[in-house]
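Asks: A single structure is presented below for examination.
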Amino acid sequence: MPRPLTISAANSPATTRIQMALDRAKDGPLHLILGPGDHYCGGLRIHSGTVFELANGAALRFLPDYDAYSGTEVSVVAEESNRAMLVAFDAQDITLCGSGRIVCDGAAKFSRGDDAEMGTRLPDKLRPRVLVFDNCRNISLRDLTVQDSPMWTLHFVACTDLNASNLKIDNDRRMPNTDGIVIDSCTGVQIRNCEIRTADDGIVLKTSTRTDGAPQQVCSDVTVTDCVIESRSCALKIGTESYGDFTDLTFSSCTLEACNRGLGIFSRDGGRVRNVVFQDIALECHETPDGFWGSGEPLTISVLTRRPTCPAGSVSDVTVANIQGTAPGAINLWAETQGAVRNVALSNITLQQTPGPLGTSGAYDLRPTPADLNPSDDANGRANAWRRGTDGRVIGLVDYPKGRPALFAHNVTDLQTYEVVFNRPNPLPDGWNSDAVTLTNPTFPK
């Protein structure tokens with residue numbers, strides 16, 4: 001292991017000084033430490049064989065200027081942004097660690113006021129992600145705190161052998177698109193003991209496309225365990241970007257707090273999803289205004305074609321077991337065609353279904369839909385959530401037949417339930433279905 005190189009804090013931007021130190025890894029393994037105090041900088045690139053450590057009391061403060069990241073562009077566009085604060089490309093053997101902080105000033109510096117109706121900020125059109133590692137191998141992140149991301153926080157693309165542990169992500173709860181950890185077309189991923197609090201998805205798996213339109217590889221062999229997540233969207237999610245397949249994914253022993261949605265699988269773009277396990281999870285979900293993502297559903301699985309030229313892939317072999325918590329919304333399992341969702345097993349689930357203050361969980365949610373490909377001018381970071389029809393309703397919200405159930409399944413093949421208990425109000429509120437379970441066009445195992 002090389003002798004550590006320490007950089008002291010400075011009162012002025014230190015982008016060049018820090019990058020020159022990081023570039024020493026081109027000549028051999030590097031252990032770079034940022035000492036206690038504030039380190040102001042623009043975009044940075046990490047190379048193979050680097051240990052980049054933020055010492056206790058160190059704060060890596062990225063500059064609140066999109067132009068500061070013109071030298072760290074990435075090949076996967078997200079929310080119209082193709083830049084990141086900290087990047088690595090085609091690298092291996094990288095460790096990012098330490099008890100210091102990465103501080104981004106995202107909410108204050110990359111937004112332009114408030115959306116009073118939705119209770120969110122109005123984000124700038126162009127916002128950098130905090131971190132993008134692309135086509136990297138043997139990556140470790142541990143013990144760090146990331147605060148106030150302007151957009152997606154940690155984005156890993158086509159990476160292999162990734163370990164993230166004891167991370168803390170604390171983003172503004174009103175800043176759209178601030179997903180916590182994004183696993184995009186990666187293989188061999190372990191995420192454990194992380195605390196994520198954000199306004200968008202907590203931990204989300206995707207298979208997206210690059211700027212040239214080329215689809216990504218499969219997303220497989222991913223384990224998420226012992227995490228605490230607070231999300232104003234979906235806490236543990238697969239999709240919606242789903243151009244490649246997903247397989248062998250396990251989410252276990254997690255606590256989900258104050259979430260719009262708990263668990264979600266959203267197939268839209270052609271990739272198939274199979275062999276997924278959600279188990280040993282405690283959740284708390286709540287209602288939100290109709291223009292937000294989700295409204296109190298403990299579990300949503302939906303398959304809907306977004307583009308006619310790319311039929312949505314199937315979702316199969318999903319196990320949901322040992323789930324407890326409270327949620328005003330229903331478990332929603334929905335397929336556009338018969339059997340596109342199949343072999344789903346629900347077991348040992350106990351949910352308290354309570355009325356919410358807004359009544360927005362009285363409809364099931366199919367967003368994103370084809371209508372979201374042409375977002376309205378006032379989408380404001382919610383292009384896949386905010387499109388309204390001529391009747392004034394958000395497109396993609398559909399009333400349940402005969403009122404709100406506790407479990408709704410449409411076109412699902414081979415649905416299995418065992419020891420699934422819903423504790424519902426007595427008497428039921430207006431607009432609730434007296435039948436806890438609503439199945440339309442189902443088939444069951446023989």
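Nothing in this text is a laboratory measurement; each read-out follows from the coordinates by a stated rule. What you are looking at is a predicted structure, and each value in this text was computed from that prediction instead of being measured. Every residue, glycine among them, receives a Cβ derived from its backbone with ideal geometry; neighbour counts consider all protein chains shown.
Asks: Using Cβ counts within 10 Å as a stand-in for footprinting exposure, how do 194, 97 rank, fewest first?
Replies: 97, 194
Asks: When only DSSP loop residues count, what trypsin sites (Lys or Arg not before Pro) in the range 109-201 have their Cβ near at most 16 other Cβ atoms within 10 Å? Provide the component values of the computation, followed by the final result.
Replies: Working: sites: 109, 112, 121, 125, 129, 137, 142, 168, 173, 174, 192, 197; in loops: 125, 173, 174.
Here the trypsin sites (Lys or Arg not before Pro) that fit, given the DSSP loop and packing criteria, are 125.
Asks: Moving on to the next point. Select from 12, 185, 165 the residue whose mean-square fluctuation is largest in a Gaussian network model of the chain (Cα-Cα springs shorter than 10 Å).
Replies: Most flexible of the set in this elastic network: 12.
Asks: How much length would be gained if the chain were fully extended between residue 92 and residue 114, taking 0.36 nm per residue of separation minus their Cα-Cα distance, in nm to one decimal?
Replies: Going from the current span to full extension adds 3.8 nm.
Asks: Set the Förster distance to 41 Å, then compute FRET efficiency between residue 307 and residue 26 from the Cβ-Cβ distance, nearest 0.05. Write out the running numbers ahead of the final one.
Replies: Values: r = 42 Å, r/R0 = 1.03.
Rounded to the nearest 0.05, the efficiency is 0.45.
Asks: Which residue, 131, 366, 358, tops the fluctuation ranking in a GNM of the chain built on C-alpha contacts under 10 Å?
Replies: Maximum among the listed residues: 358.
Asks: Report the antiparallel proportion of the DSSP beta bridges in the chain as a percent, rounded to a multiple of 5.
Replies: 5
Asks: Relative to the Cα centre, what is the charge dipole magnitude of the chain, using +1 at the beta carbon of each Lys and Arg, -1 at the beta carbon of each Asp and Glu, and rounding to the nearest 20 debye?
Replies: 260
Asks: Separate question: Between beta-carbons, use under 12 Å as the cut-off and find the net charge around residue 252, counting Lys and Arg +1, Asp and Glu -1.
Replies: -1
Asks: Further, regarding this structure: What is the spin-label model distance, in nm, from residue 282 to residue 3 if the labels are put 7 Å beyond Cα along the C-beta direction?
Replies: With each label placed 7 Å out from Cα toward Cβ, I get 5.0 nm.
Asks: Starting from the coordinates of the alpha-carbon atoms of the chain, obtain the Kirkwood hydrodynamic radius over all distinct pairs and give the value in Å to one decimal. Let's see the in-between values first.
Replies: Values: mean 1/r = 0.0451 Å⁻¹.
Over the chain, the inverse of the mean reciprocal pair distance is 22.2 Å.
Asks: Taking neighbour counts of Cβ atoms within 10 Å as a proxy for exposure, in what order, fewest first, do 305, 16 appear?
Replies: The fewest-first ordering by Cβ neighbours comes to 16, 305.
Asks: What are the residues whose amide H is under 5 Å from the amide H of residue 91, where those residues sit 5 or more places off or on another chain and H is modelled from the backbone?
Replies: Placed amide hydrogens put 136, 137 under 5 Å from residue 91.
Asks: Express the relative contact order of the range 40-440 as a whole percentage, based on alpha carbon pairs under 8 Å and six or more residues apart in sequence.
Replies: For the range 40-440, the relative contact order is 9 percent.
Asks: How big is the range 3-153 by Rg and Dmax over its Cα atoms, in Å?
Replies: Just the Cα atoms of the range 3-153 yield Rg and Dmax of 15.4, 55 Å.
Asks: Fewest Cβ neighbours within 10 Å first, please rank 155, 31, 410 accordingly.
Replies: Fewest to most other Cβ atoms nearby, the residues stand as 31, 410, 155.
Asks: While we're on this one: Full-extension gain between residue 322 and residue 77, please, as 0.36 nm times their residue separation minus the C-alpha to C-alpha distance.
Replies: Extra length from residue 322 to residue 77 when fully extended: 84.5 nm.
Asks: Which FRET efficiency value, to the nearest 0.05, do you get for residue 275 and residue 11 by plugging their Cβ-Cβ distance into 1/(1 + (r/R0)^6) with R0 = 45 Å? Intermediate values should be presented prior to the final figure.
Replies: Numbers: r = 52 Å, r/R0 = 1.16.
So the FRET efficiency works out to roughly 0.30.
Asks: Highest GNM mean-square fluctuation, the chain, Cα pairs closer than 10 Å: which of 65, 179, 148?
Replies: Residue with maximal mean-square fluctuation among 65, 179, 148: 65.
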